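Chemist: Have a look at this one.
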Amino acid sequence: SRLYANLSGSLEPPSFSGITGGPLATLVDEQSATTAEIGYRTRRDAITLDLSVYHARVRDELLSLTDGNGNPLGTVNADRTLHQGIEFGFGWQFMPALTWSVNYLFNDFRFDHDAVYGDNRLAGIPRQQLRSALRWQATQHVFVAPNLEWVPQDYYVDHANSFGAPGHHLLGLKVGGDLGERCSWFVDARNLQDRKWIAS
């Protein structure tokens, strides 16, 4: 088992697409952040557990924004934003051929006293996300893994937080296996209910 904590800094320069998009280049600054994280990780014979809580203060985040009247500005620097949340992973091999895994995210990404958007949530990031799979290792060379992807709540698709995409759940099935030391195969079928949903 391991209990850990860290404090880190990061810097991300704008991409080429982030400084183009019209007759004149939009000059933007690099994005930087300071992140604090604390977590716990353990491995047992049949169980794995990972839990992490993090808080990042981001300066000059590169976002596609609009002005106070809704006119697009292209990629610009937001003043200050916060990225914080919980990451949780759990695996349980409760039978020799059966393993259940769960990955859960709790996301709180928002502006920090922005002049236009206040403390609104950043667009396109679901508040909660869960993915789970039950993997059956049928033989040494074949596995079958039905899976679930679930976004339980609606989430905003604009920074003004006026319009949202609906939450959804999707069922899938992954089948695959090893053909040798250097070769493997898989088939991944998603959205088996044939639902209409917004991917991003």
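Chemist: Find the relative contact order for the chain and round it to a whole percent, using C-alpha pairs within less than 8 Å whose residues are 6+ positions apart.
Modeler: 12 percent
Chemist: Please compute the net charge surrounding residue 119, taking Lys and Arg as +1 and Asp and Glu as -1 over other residues with Cβ under 11 Å from its Cβ.
Modeler: Details: positive: 80, 110, 121; negative: 108, 112, 114.
Net of charged neighbours comes to 0.
Chemist: Leaving out ligands and nucleic acids, and using a 1.4 Å probe, what accessible area per residue does the chain come to in Å²?
Modeler: That works out to 65 Å² for each residue.
Chemist: Considering the chain as a Gaussian network with a 10 Å cut-off on Cα pairs, which listed residue, 45, 67, 188, attains the greatest mean-square fluctuation?
Modeler: Fluctuation is largest for 45.
Chemist: Please report, in whole Å³, the volume per residue of the convex hull around the C-alpha atoms of the chain.
Modeler: Hull volume over Cα atoms, normalised by residue count, gives 174 Å³.
Chemist: A follow-up question, please. At 1.4 Å probe size, with the rest of the protein present, what percent of the exposed accessible area of the chain is carbon and sulfur atoms?
Modeler: Values: 7370 of 13010 Å².
After summing per-atom areas, the C and S share lands at 57 percent.
Chemist: If a/c stays under 1.5 just call it rounded; otherwise compare a/b with b/c (prolate if a/b is bigger, oblate if not). Do that for the range 1-114, with a ≥ b ≥ c from the square roots of the Cα gyration tensor eigenvalues.
Modeler: prolate
Chemist: Quick one: putting +1 on the C-beta of Lys and Arg, -1 on the C-beta of Asp and Glu, what dipole do you get for the range 22-125 around its Cα centre, in Debye to the nearest 20? Could the numbers behind the result be given before it?
Modeler: Values: 8 positive and 14 negative charges, 93 e Å.
Dipole about the Cα centre, nearest 20: 440 debye.
Chemist: Sticking with this one: What length, rounded to one decimal in nm, is gained on full extension from residue 6 through to residue 113, with 0.36 nm per residue of separation minus their alpha-carbon distance? All intermediate terms of the calculation are to be shown ahead of the outcome.
Modeler: Details: separation 107, 0.36 × 107 = 38.52 nm, distance 2.62 nm.
Net length gain for the segment: 35.9 nm.
Chemist: Looking at the range 125-187, which chymotrypsin sites (Phe, Trp or Tyr not before Pro) are in a loop (DSSP not H, G, I, E or B) and have at most 11 other Cβ atoms within 10 Å? All intermediate terms of the calculation are to be shown ahead of the outcome.
Modeler: Numbers: sites: 136, 143, 150, 155, 156, 163, 185, 186; in loops: 163.
Listed in order of number, the matching sites are 163.
Chemist: Normalising by the residue count of the range 27-138, find the relative contact order in percent from Cα pairs under 8 Å and 6+ residues apart.
Modeler: Answer for the range 27-138 is 21 percent.
Chemist: Follow-up. Subtract the Cα-Cα distance of residue 90 and residue 42 from 0.36 nm times their separation in residues, and report this length gain in nm to one decimal.
Modeler: That pair, residue 90 and residue 42, stretches by 16.3 nm at full extension.
Chemist: What does the net charge come to around residue 191 if you take all other residues with beta carbon closer than 15 Å to its beta carbon, with K and R at +1 and D and E at -1?
Modeler: Charge balance near residue 191 sits at +2.
Chemist: Please find, in a Gaussian network model of the chain (springs between Cα atoms separated by less than 10 Å), the residue of 146, 126, 72 whose mean-square fluctuation is greatest.
Modeler: Result for the chain, Cα springs under 10 Å: 72 fluctuates most.
Chemist: Between residue 73 and residue 49, how many nm apart are label points set 7 Å from Cα along the C-beta direction?
Modeler: Computed distance between label sites residue 73 and residue 49 equals 4.5 nm.
Chemist: Mean-square fluctuation check for the chain, GNM, Cα pairs under 10 Å: which of 135, 59, 182 is largest?
Modeler: Its mean-square fluctuation being the largest, the pick is 182.
Chemist: State the volume of the convex hull built on the alpha-carbon positions of the range 80-176, expressed per residue in Å³ and rounded to an integer.
Modeler: 96 Å³
Chemist: Under 19 Å from the 7 Å Cα→Cβ point of residue 106, by amide nitrogen: which residues of the range 58-93?
Modeler: Inside the label zone: 82-91.
Chemist: Go through 105, 31, 84 and say which Cα lies farthest out towards the positive end of the charge dipole of the chain; charges sit on Cβ, +1 for Lys and Arg, -1 for Asp and Glu.
Modeler: It is 105, whose Cα lies furthest towards the positive end.
Chemist: Hey, with R₀ at 22 Å, roughly what FRET efficiency would residue 144 and residue 191 work out to, going by the Cβ-Cβ distance, to 0.05?
Modeler: 0.80
Chemist: Give me the dipole magnitude in Debye, nearest 20, for the chain about the Cα centre, with unit charges on the beta carbon: positive for Lys and Arg, negative for Asp and Glu.
Modeler: 820 debye
Chemist: In whole Hz, what ³J(HN,Hα) sequence does the range 174-187 give by Karplus (6.51, -1.76, 1.60; θ = phi - 60°), x for Gly and Pro?
Modeler: Karplus-based 3J(HN,Hα) across the range 174-187 equals 10, 10, x, x, 9, 9, x, 5, 10, 9, 9, 9, 7, 10 Hz.
The values are calculated or read from the model by the stated rules, or taken from the named source; none is laboratory data. None of these values were measured; they are calculated from a predicted model. Note: ideal-geometry Cβ built from the backbone for every residue, glycine included; neighbour counts use all protein chains shown. Just so you know, the surface numbers come from the protein's heavy atoms only, side chains and all, with ligands and any DNA or RNA stripped out. Shrake-Rupley method; radii C 1.70, N 1.55, O 1.52, S 1.80 Å.
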